[in-house]
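Right, one structure below, let's go through it.
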Amino acid sequence: MRTLPPLALAAALAATLLLTACDDAKTSTDDAKNADRPGGSACSIGDLGVEVGAGAAPAAGDTGNVTVTLTNNGAPCALKGFPAVDLAAEDSTTSVSPEEGAKAQPLTLGKGGTTSFTITYVRGEAGSAKSLAVRKASFALPGATEDAHDLTWSYGEVARRDDSGSGGAAQASVSGFESSGD
């Protein structure tokens, strides 16, 4: 049996690995379906399933939480920043600021991956000028603010930040995206 010198053996192994890598470069049906969006690009609302869970504030002055869970049904994508959340009443809309001191952590969602964010609010008095009678919340993802998803708000009125009546912003904040699962 003839043996190859070490350098020739290394070259033969490298060539074999290179040819094997070429075979693995073929795309599957799933890859072709998601080819329009490169991996790591911003997530799109249209590719995400949305579920809402709430711990509603029971009375005026109490704090409540609305958690939005997103499941990626498309190609891997990235979330870099905070969700943009607006609370809408009949006559006004107010933007919700990120939680004080919070820092957005970049997150990559693979297909089937989940993440969540939470809207925390203080319940206002029904019918008071110091409250915002929210009917709808909408949110958009970072990098895709033109694509908003609407949620029906059934968690009571939201208190305003100051005593100036209808001019005050809502006492609400939004968390960054949290990793879910394994």
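What to note about this one:
- Residue-span extension gain [Glu178 to Asn73] - 0.36 nm each, minus C-alpha spacing: 36.0 nm
- Computed FRET value (nearest 0.05) for Ala129 with Leu151, which takes r as the C-beta separation and R₀ as 25 Å: 0.50
- Rolling a 1.4 Å probe over the protein heavy atoms of the stretch 89-157, with every protein chain left in place, gives an accessible area that is 44 percent carbon and sulfur.
- Rounded accessible area per residue of the stretch 52-155, 1.4 Å, Å²: 49
- Relative pair counts by distance (%), Cα atoms of the stretch 47-181, 10 Å bins: 13, 43, 30, 12, 2
- Residue ranges 69-82, 136-149, 97-110 sort as 69-82, 136-149, 97-110 when ordered by packing (mean number of other C-beta atoms within 10 Å per residue, highest first).
- The modelled label-to-label distance between Asp62 and Arg161, using points 7 Å beyond Cα along the C-beta direction, is 2.5 nm.
The values are calculated or read from the model by the stated rules, or taken from the named source; none is laboratory data. Just so we're clear, the structure is a prediction, and the values are computed from it rather than from any experiment. Virtual Cβ from ideal backbone geometry, glycine too; neighbours counted across all protein chains shown. Protein only, heavy atoms only, side chains kept; ligands, DNA and RNA dropped before computing areas. Shrake-Rupley method; radii C 1.70, N 1.55, O 1.52, S 1.80 Å.
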